[in-house]
Amino acid sequence: MVEKNNGLLKSMLQPDNMIRLYASGAFPMADDSGQINWYMPEVRTIIPLDNFNIPRSARKAIEKQNFEIKFDNDYLSVIKGCADRPSTWISDELIVAYRRLHKRGYLHTVETYQNGKLVGGLYGITFRGAFFGESMFSKVSQASKAALIALLHHLKEKDFVLLDVQYMTEHLKMFGAIEISWEEYSSLLQKAYLSGCSF
């Protein structure tokens with residue numbers, strides 16, 4: 001974890017500095033007071049893009065929901081959807097920072113619609129061949145899973161090297177998420193940065 005004074009913390013939320021931090025393997029989270037710190041866990045969770053799993057139960061359930069998937073259509077609503085919960089690490093200050101990253105072309109979303117309404121989705125930061133997944137939300141059953149499945153296929157199609165999902169959850173484990181050491185993660189970062197792909 002990187003902790004600095006308030007002036008430095010604010011400068012670390014400028015787009016160029018944020019991308020440098022993401023590229024080094026760090027990611028931001030706000031605590032209950034709203035202070036934003038950067039974290040670099042020694043164990044990282046990824047979903048291997050050459051060996052992910054699509055659960056049969058999820059696939060069947062999603063087929064019944066008649067979802068429509070879109071990319072980068074309404075990024076701000078996705079971020080706010082992810083933040084709309086009793087306790088969230090996505091502070092107002094972080095949302096402002098994400099808006100700046102979006103203007104630079106670094107922030108991307110996968111959105112799930114049902115009957116024309118946004119009902120789920122996810123967002124993350126990209127840098128060359130790496131996608132740093134940040135958060136997902138779901139207003140109806142299976143909506144976030146549908147977005148994740150679309151993301152996995154999209155990243156593979158675009159020749160991305162790394163899908164970083166930060167921490168392990170039962171939800172992500174279903175899709176083949178694994179924990180790797182910092183050394184393995186750093187190696188994947190280096191390989192990702194040699195890639196010329198784009199989202």
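The values are calculated or read from the model by the stated rules, or taken from the named source; none is laboratory data. Just so we're clear, the structure is a prediction, and the values are computed from it rather than from any experiment. Reconstructed Cβ throughout: ideal geometry from the backbone, glycine too, with neighbour counts over all protein chains shown. Just the protein is used for accessible areas: all its heavy atoms, side chains included, with ligands, DNA and RNA removed. Shrake-Rupley method; radii C 1.70, N 1.55, O 1.52, S 1.80 Å.
Annotations for the structure displayed:
- Subset of the stretch 104-137 [over 11 Å from the mean Cα position of the chain (by Cα), open to solvent by 20 Å² or more (accessible area, probe 1.4 Å) and touching a residue at least 60 places away in the same chain (Cβ under 8 Å)]: R104, Y106, F127, R128
- In the set I79, I69, only one residue is open to solvent by less than 30 Å² (accessible area, probe 1.4 Å) and of a type outside the set (S, T, Y); that residue is I79.
- The residue pairs whose first member lies in the stretch 74-99 and is more than 11 Å from F137 (Cα to Cα), whose second member is open to solvent by 70 Å² or more (accessible area, probe 1.4 Å) and assigned to a helix (DSSP H, G or I), and whose beta carbons are closer than 8 Å, counting only pairs six or more residues apart or on different chains, are L76/R99; I95/K80.
- Test: D164 is of a type in the set (D, E, K, R) and within 15 Å of the chain's Cα centre (by Cα): yes
- Candidate set from the stretch 82-103 (those that are touching a helix residue (DSSP H, G or I) at 6+ places or on another chain (Cβ under 7 Å) and among the β-branched types (V, I, T)); member that is surrounded by the fewest Cβ atoms within 10 Å (Cβ to Cβ): I95
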